[in-house]
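Input: a single structure, listed below in structure tokens.
Read the figures in this text as sums done on the coordinates, not as results from a lab. For clarity, every value in this text was computed on a predicted model and none was experimentally measured. Methodologically, a virtual Cβ is constructed for each residue, glycine included, from the backbone with ideal geometry; neighbour enumeration extends over all protein chains shown.
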Amino acid sequence: MSDVLFEMADLAERTVSASITAAAQGGKLDVQVRVWSNELQGKYDDVEEKAVELIARYQPVASDLRVIKSSMKIAYDLARLGRYAYDIVVVLDLVDGGRAADRKFLEAMSERALEMMRLSFQALRTRDVQLARQLVEMDTEVDRMYRGYLKGVLSTPSLTAATAVSTALIARHLERIADHAWYIAQSVSYMVTGTYIT
């Protein structure tokens, strides 16, 4: 099950990075990102089936059961990362090819979301709870960036509708990507210690 999670983490990083690159530099990646997103969903289904099989066959308790429960949650979060990556390229396709979006703002937000993903994946691979704890402040920062952009849009009437809409939608998907990176870190903590990070 761990091997599948690690494969999913690599694929999720590739998928999100591709959608962010498309947002920053242009390009049409919706077909490829959709394929990867579907592949992540399929792998999530595999993890879920394996987890049920392990529970049914071995009746695990204590730490083994925590690992299985956490693995199922992490697989779900990884599948969601793929879906949000796909949602980003859909926005690019629907709203002016993404050309109108506030690229400077999205670049800063993308960097933080990608950094959170990479840290959560590293924490997963090493089961490092201290590393997972680093995501607390990072998640707060991404949330602050998103809310700050929304407040700014409302008070900046000179923005075009295409810029406001495309940037807000992509920023929302980036904020959700950051949230799922945080959820993975939470699951790593639970897997190792039996408690969630507060």
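Some points to look at:
- Scope the stretch 180-190; condition touching a Lys or Arg at 6+ places or on another chain (Cβ under 8 Å) and either of a type in the set (G, A, S) or farther than 23 Å from Y84 by Cβ (or both); matching residues: A185, S187, S189
- Some residue of the stretch 161-175 being basic (K, R) and either surrounded by 22 or more Cβ atoms within 10 Å (Cβ to Cβ) or more than 18 Å from Y86 (Cα to Cα) (or both): no
- Of note, A56 satisfies the criterion of being small (G, A, S), more than 30 Å from V95 (Cα to Cα) and part of a helix (DSSP H, G or I).
- Check on L92, touching a Phe, Trp or Tyr at 6+ places or on another chain (Cβ under 6 Å) and not acidic (D, E): no
- Pick from the stretch 83-105, criterion under 11 Å from T167 (Cα atoms) and in contact with a His (Cβ under 8 Å, 6 or more places away or on another chain), ranking: surrounded by the fewest Cβ atoms within 10 Å (Cβ to Cβ): V91
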